[in-house]
1. So is residue B:271 part of a helix (DSSP H, G or I), within 13 Å of chain A (Cβ to nearest Cβ) and either at pLDDT below 95 or over 22 Å from residue A:93 (Cα atoms) (or both) or not?
2. Can you tell me which residue within the stretch A:206-221, out of those that are touching a residue at least 12 places away in the same chain (Cβ under 8 Å) and part of a helix (DSSP H, G or I), is farthest from residue A:193 (Cα to Cα)?
3. Going through the stretch A:38-75 one residue at a time, which ones are assigned to a loop (DSSP other than H, G, I, E, B), under 14 Å from the mean Cα position of the chain (by Cα) and within 19 Å of residue A:255 (Cα to Cα)?
4. Determine whether the stretch A:160-169 contains at least one residue that is facing chain B (nearest Cβ under 9 Å) and at pLDDT below 90.
5. Which residues, counting only those in the stretch A:96-117, are crowded, with 23+ Cβ neighbours inside 10 Å, farther than 14 Å from residue A:27 by Cβ and more than 7 Å from chain B (Cβ to nearest Cβ)?
6. Looking for something closer than 14 Å to residue B:275 by Cβ, touching a helix residue (DSSP H, G or I) at 6+ places or on another chain (Cβ under 6 Å) and at pLDDT below 75 - is there at least one such residue anywhere in the stretch B:160-178?
7. I'd like the full set of residues that are facing chain B (nearest Cβ under 7 Å) and either assigned to a loop (DSSP other than H, G, I, E, B) or under 19 Å from residue A:76 (Cβ atoms) (or both), limited to the stretch A:128-141.
8. So which of B:326, B:359 ends up being part of a helix (DSSP H, G or I) and buried (at least 24 other Cβ atoms within 10 Å of the Cβ)?
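The values are calculated or read from the model by the stated rules, or taken from the named source; none is laboratory data. These numbers come from a predicted model, not from an experiment. FYI the Cβ positions are ideal-geometry reconstructions off the backbone, even for glycines, and counts take in every protein chain you see.
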């Protein structure tokens, strides 16, 4: 990864577009750093995601987005700094308790066994069941409801190995929803989705935010839907969050060009920001 | 949600989710019929009695069939017939059951842990490692007992544990993602190295010891009395308990390592527990029965076909089915070329080889090796 300093210094700009209570962040990184055996991946990052807000994490490949989201999910521990969840150190939260409140959707799921989609979603209920206590009828209903919330209830009895990449992705998000979390952290959930499914997923996540107050932080390379979908954007470059704020502020040519290290053009139309890059 | 009440809607259930009422469409209600079967507790309640009955039947078959069929009248009157039954046939059938259940249980656990349907103590080189460990022990004349427990057991356990660790390291060296092909290749390499090691040891060892190693490698379910069985159980039972206790974690791991970790599974701890328990079981099982291949592969897959993918069902089901399977396979081995005897490993390999190839073909369709 490149580690040369930013040519232009970008400070925190703008505020959230939606009235979100920034005073009480649900999940917060405080000067967090993490290195994979001396290769720094996340450097001195601070960010806060308010309760019930939907945030997006953008940045070039290898800019540390996945590592940051794994740090927030508690899957890896920061080398320095700390992650705060609900005003307490995430590290102090028991793994099972954490799983009831923070859901994480990995970038890819590697299942070779033909579990049914329902079985996969039911694993999201495991933090609520015991070692020798299996899922109850209620767990099953919640799992079915989660599939339904993502419009994939018809897949319940299908084998996960037979599903298309996009369908599998939606089932994995349904599993996260079955955890009944307060925040969902998604690593490129839309990467395998076609336009229809991408819209379906974005709508579902917004509905969850609005109806159940679930906070969402997702990694995406798709800058097109962002400003109508999310409240906050965090932009990363070389392991640092170099800008954060409302979409209309972050989605500007200078900043994006800098983050992706390539000329970027933007255009406003119908209240939306369109982003593309010149060949 | 629906404006006109219809039959479909009357069939519609409502459920509460986070306090909000969500209507469940009739289509899902229809699905529930098949889902009813999916509930784990229900499946366990069906699977376990069925398997126990199956095991009892195969036990009876194993006890009845033999060089001479069981004669109950002679058993009562003739002390020799009684001795033959209680000192030879009964221990042998019990031994076959214990070896079969142990190998099948470890196979099911390793498949879930490595997320690889082709994993088993044999294909991963764990049996090979156990053989090497035991050969070293025999060559150095350590065929002694330590507080009543054969040192060979401990040497085989160490060998098995070392090969599990090595195969894990090799398969993990490419990063966090473990390719199924890499895992099997690591297992093959390990098996080759272990058998080369055994050959070298055999070559260097004295004639008597070399013969001892050879006989040990072939292995046999033939035991006299229950002495060895008790000693074997000292190692196996703790292993079984640990593996069954890890069923929940293994089920979550089978659906993906990252998501299991995010669901609260301590992945490294589970791996360690399963490694130690598997090595313990495989070490002692291979020490006594020899390297009987493919039981750990076929049996869990048969259990999957019968009872589905849930690892929490699969582990106890494989355990019971493995016992029944090896008892029947051993019975076949005893009577197939009567009065002679086939090695039971030959029978399991003849059955297991084709199953392995079939699974390999199927897996190649899912993921590039």
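1. No; evaluated as a whole, the condition is false for this residue.
2. Going through the qualifying residues, I end up with A:209.
3. Matches in the stretch A:38-75: A:64 only.
4. yes
5. Correct list: A:105, A:117.
6. Yes, that holds for at least one residue.
7. A:131, A:134, A:135
8. Being part of a helix (DSSP H, G or I) and buried (at least 24 other Cβ atoms within 10 Å of the Cβ) holds for just one of B:326, B:359, which is B:326.
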